[in-house]
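Have a look at the structure below before the remarks.
The values are calculated or read from the model by the stated rules, or taken from the named source; none is laboratory data. This one's a predicted model, so the numbers in the text were calculated from it and none came from an experiment. Note: areas computed on protein heavy atoms with side chains; ligands, DNA, RNA excluded. Shrake-Rupley method; radii C 1.70, N 1.55, O 1.52, S 1.80 Å.
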Amino acid sequence: MIDAITQNLQKGVLLLKNISDDEYANKSVAPYHSSIGCHIRHVLDVFSCLLNGLENKTVDFSVRERSASAEKETRVAIDYFETVIDQLKKIKKEDFNMIIKVSDDLGLGKETANYTLAAVLMQTQSHATHHYASIGYLIYQLGIELPDASFGFNPTTPKICV
C-alpha cells in the first residue's frame, strides 16, 4: 500500500520537475481559477494531517498547513512531497489495523469517526488521485505536456482500446 501511494506521489514530483513556477501558480483557467499549485498543496496538506496525527492516533483534516509558498514555488512543493514520502515510508504494515480518530468539517461542523490506518491511507490516496485528475484538466487547458500519461487516472479506470 505504501509503495502504491509513494509511486503516485512521485508522479507529482515528476510533474513539478517539468513545469515552471509560472505554470504551477497560474490561476487563469475557468471555472474555478485554481492553480496546479493549489491542488498539489492541498493534496500534501491532507497527507500531512494524517502523518502529524499518527503519534496521538487523532487526525483532523480541517487543520491544514496551507503554505502559500508551497502553492507558488515548485521547489517548495517538491521538498514538501519528499518530506511526506519519507514519513510515509516509515509506516509499518503491521500498523495498518491501528484505530485512529479522524475528524473533518463536512459542512455542518466537525464530525469524528474511527478509521483504521489502512482506511485513512486509502482515502488519502484516492483523494490525491482525484486532485491529480483536476490538475490534468488544468494542464490540458494550459497546453502543458504531461510527463506521465497515467497521471490523474485511477488504476481501476478501464483502458481505452484502440
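Quick notes on this one:
- Each residue of region 16-29 is assigned a 3J(HN,Hα), and the resulting list reads 5, 6, 10, 10, 8, 4, 5, 5, 4, 9, 5, 10, 7, 7 Hz, derived from the Karplus form 6.51 cos²θ - 1.76 cosθ + 1.60 (θ = phi - 60°), x at Gly and Pro.
- Solvent-accessible area per residue, Å², over the chain with all protein chains present [probe radius 1.4 Å]: 57 Å²
- Area projected by the alpha carbon convex hull of region 1-46, averaged over all directions, nm²: 3.7 nm²
- Equivalent ellipsoid semi-axes, region 24-162, via Cα gyration tensor eigenvalues times 5, rooted, Å: 27, 18, 15
- Spatially close Lys pairs in region 14-162, defined by Cα atoms under 21 Å apart and a spacing of eight or more places or different chains, total 13.
- Paired Rg and Dmax values of region 56-108, which use every Cα atom, in angstrom: 14.3, 37
- Karplus-derived 3J(HN,Hα) values for region 70-77, using 6.51 cos²θ - 1.76 cosθ + 1.60 with θ = phi - 60°, are 5, 8, 10, 10, 4, 4, 5, 5 Hz; glycine and proline are entered as x.
- Counting only alpha carbon atoms, the long axis of helix 36-53 and the longest principal axis of the chain meet at about 10°.
- Taking amide hydrogens as placed 1.01 Å from N in the peptide plane, the amide H of VAL59 sits under 5 Å from those of LYS101, VAL102, SER103, each at least 5 positions away in sequence or on another chain.
- Protein heavy-atom surface of region 83-162, 1.4 angstrom probe: 56% of the accessible area is carbon and sulfur, with nucleic acids and ligands not counted.
- Value of Rg to Rh for region 81-162, rounded to two decimals, is 1.06; Kirkwood radius and Rg both from alpha-carbon coordinates.
- Looking at region 1-157 alone, DSSP beta bridges between its own residues are antiparallel in about 70 percent of cases.
- A 1.4 Å probe over all protein chains sorts PHE153, PHE47 by accessible area into PHE153, PHE47, starting with the largest.
- Nonpolar atom fraction for region 19-82, defined as the carbon and sulfur part of the 1.4 Å probe accessible area, stands at 47 percent.
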